[in-house]
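S.K.: Take a look at this one; I'll ask things after.
The values are calculated or read from the model by the stated rules, or taken from the named source; none is laboratory data. Source: prediction; values computed, not measured. All Cβ positions, glycine included, derive from the backbone under ideal geometry; neighbour counts span all protein chains shown.
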Amino acid sequence: MEKFERSWRIMKASWDLLRQDKEILLFPVLSGLSLFLILLSFAVPVIALGGVEPVHRIVRHNGAVGNLVVLFAFYLINYFVILFFNTAIVACATIRMRGGNPTVGDGLHAASTRLFEIAGWAVVSASVGMLLRTIEERSRLVGRIVAGLLGMAWGITSYLVIPILVNERKGPMEAFQESARLLKKTWGEELIGGYSFGLVFFVLSMPAVALVYGGVASGSGIPSLAFFTLAVFYLVSLAVVQAALQGIFQAALYQYARKGEAPRGFERDVLNEAVTPRSFG
């Protein structure tokens with residue numbers, strides 16, 4: 001409950017900034033549309049080849065190395081798109097926290113001038129993603145546990161990379177090292193996340209479950225389609241807002257870690273507890 005309450009307070013503070021710059025919501029939308037087009041570009045060849053079975057034959061023919069190359073390319077492109085628009089979100093949030101009035105153009109310009117750094121970090125992120133996937137597939141139970149723990153550690157340690165790329169223009173590995181250093185300097189060793197937007201948004205997604213249930217209960221036809229359409233629209237809207245709030249909070253946490261000052265609207269104690277030492281007691 002403490003984690004949920006802390007997450008809620010963080011989300012509210014991020015929401016207050018988002019209300020001042022609603023155009024930030026455009027970036028997650030553009031990111032989602034781009035990812036859909038990328039998925040479509042990989043799916044079209046499957047359809048053109050006549051379905052899944054011909055693709056399986058090609059996969060067997062290419063061997064493990066060829067398939068890994070294709071999978072890595074898919075990971076890399078997706079990470080680049082996500083990171084590009086996340087950079088735009090963080091850039092706009094940073095401008096607002098410094099007293100400015102950001103525009104969509106400001107966010108896109110900031111991301112565009114950091115293409116090299118974003119591409120480098122995308123390569124690193126895709127490599128880590130592939131590694132975690134390989135570990136998970138080696139042993140289903142143990143692999144999932146190990147991959148989950150490593151993924152959590154990676155997510156926390158690299159949490160400030162994007163704000164560092166925005167504010168300090170460091171290279172990808174230098175930004176990662178600086179992210180780890182800032183986090184350890186501010187919050188200490190053995191870090192864990194003291195908040196979870198996912199937990200809050202899981203609770204907020206419950207109306208969508210009710211809509212799906214309503215669609216099933218109504219049978220078939222227009223009422224059922226209406227229920228399911230509303231559920232999808234609601235979940236997509238939640239995902240867009242969550243992505244925007246995450247980027248805003250990254251910018252706030254970076255400012256607190258770098259300057260020791262809580263941005264306007266954010267409470268110092270909440271930021272101080274957002275990342276906490278792991279307890280083994």
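S.K.: Does Arg138 satisfy the condition of being among the basic types (Lys, Arg) and within 23 Å of Lys259 (Cβ to Cβ)? Spell out how you get there, then give the answer.
M.R.: Numbers: among the basic types (Lys, Arg): yes; within 23 Å of Lys259 (Cβ to Cβ): no.
Answer is no for this residue.
S.K.: Of the numbered conditions (1) part of a loop (DSSP other than H, G, I, E, B); (2) surrounded by fewer than 17 Cβ atoms within 10 Å (Cβ to Cβ); (3) under 16 Å from the mean Cα position of the chain (by Cα), Gly155 fails exactly one; give the number of that condition.
M.R.: It fails just one condition, (1).
S.K.: Got a sec? Which of Leu182, Leu141, Leu160, Leu199 is of a type outside the set (Phe, Trp, Tyr), touching a residue at least 60 places away in the same chain (Cβ under 8 Å) and exposed (fewer than 15 other Cβ atoms within 10 Å of the Cβ)?
M.R.: Details: Leu182 fails: exposed (fewer than 15 other Cβ atoms within 10 Å of the Cβ); Leu141 fails: touching a residue at least 60 places away in the same chain (Cβ under 8 Å); Leu160 fails: exposed (fewer than 15 other Cβ atoms within 10 Å of the Cβ).
One residue alone meets the criteria, Leu199.
S.K.: Of Phe80, Phe27, Phe85, which residue is assigned to a helix (DSSP H, G or I), touching a Leu at 6+ places or on another chain (Cβ under 8 Å) and at pLDDT 90 or above?
M.R.: Values: Phe80 fails: touching a Leu at 6+ places or on another chain (Cβ under 8 Å); Phe27 fails: touching a Leu at 6+ places or on another chain (Cβ under 8 Å).
Answer to the selection: Phe85.
S.K.: Checking the conditions here, which among Val236, Val216 is at pLDDT 85 or above, more than 17 Å from Lys12 (Cβ to Cβ) and among the aliphatic types (A, V, I, L, M)?
M.R.: Details: Val216 fails: at pLDDT 85 or above.
Going through Val236, Val216 in turn, the sole match is Val236.
S.K.: Name every residue in the range 251-267 that is basic (Lys, Arg) and either assigned to a helix (DSSP H, G or I) or within 19 Å of the chain's Cα centre (by Cα) (or both), in order of residue number.
M.R.: Of the residues in the range 251-267, the ones basic (Lys, Arg) are 258-259, 264.
Within the range 251-267, Arg258, Lys259 qualify.
S.K.: Considering only residues that are part of a helix (DSSP H, G or I), within 20 Å of Glu273 (Cα to Cα) and touching a Ser or Thr at 6+ places or on another chain (Cβ under 7 Å), which ones fall in the range 194-250?
M.R.: Result: Phe197, Leu199, Val200, Leu245, Ile248, Phe249.
Rundown of residues vs (1) within 20 Å of Ser179 (Cβ to Cβ); (2) of a type in the set (S, T, N, Q); (3) buried (at least 19 other Cβ atoms within 10 Å of the Cβ), yes/no style:
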residue: Tyr213; (1), (2), (3): no, no, no
residue: Val216; (1), (2), (3): no, no, no
residue: Gly221; (1), (2), (3): no, no, no
residue: Leu225; (1), (2), (3): no, no, no
residue: Ala231; (1), (2), (3): no, no, yes
residue: Leu245; (1), (2), (3): yes, no, yes
residue: Ala251; (1), (2), (3): yes, no, yes
residue: Tyr254; (1), (2), (3): yes, no, yes
residue: Ala257; (1), (2), (3): yes, no, yes
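S.K.: Among Leu132, Leu149, which is the only one that is surrounded by 13 or more Cβ atoms within 10 Å (Cβ to Cβ), in a helix (DSSP H, G or I) and not small (Gly, Ala, Ser)? Please lay out each step first, then the result.
M.R.: Details: Leu149 fails: surrounded by 13 or more Cβ atoms within 10 Å (Cβ to Cβ).
Criteria check complete, one pass: Leu132.
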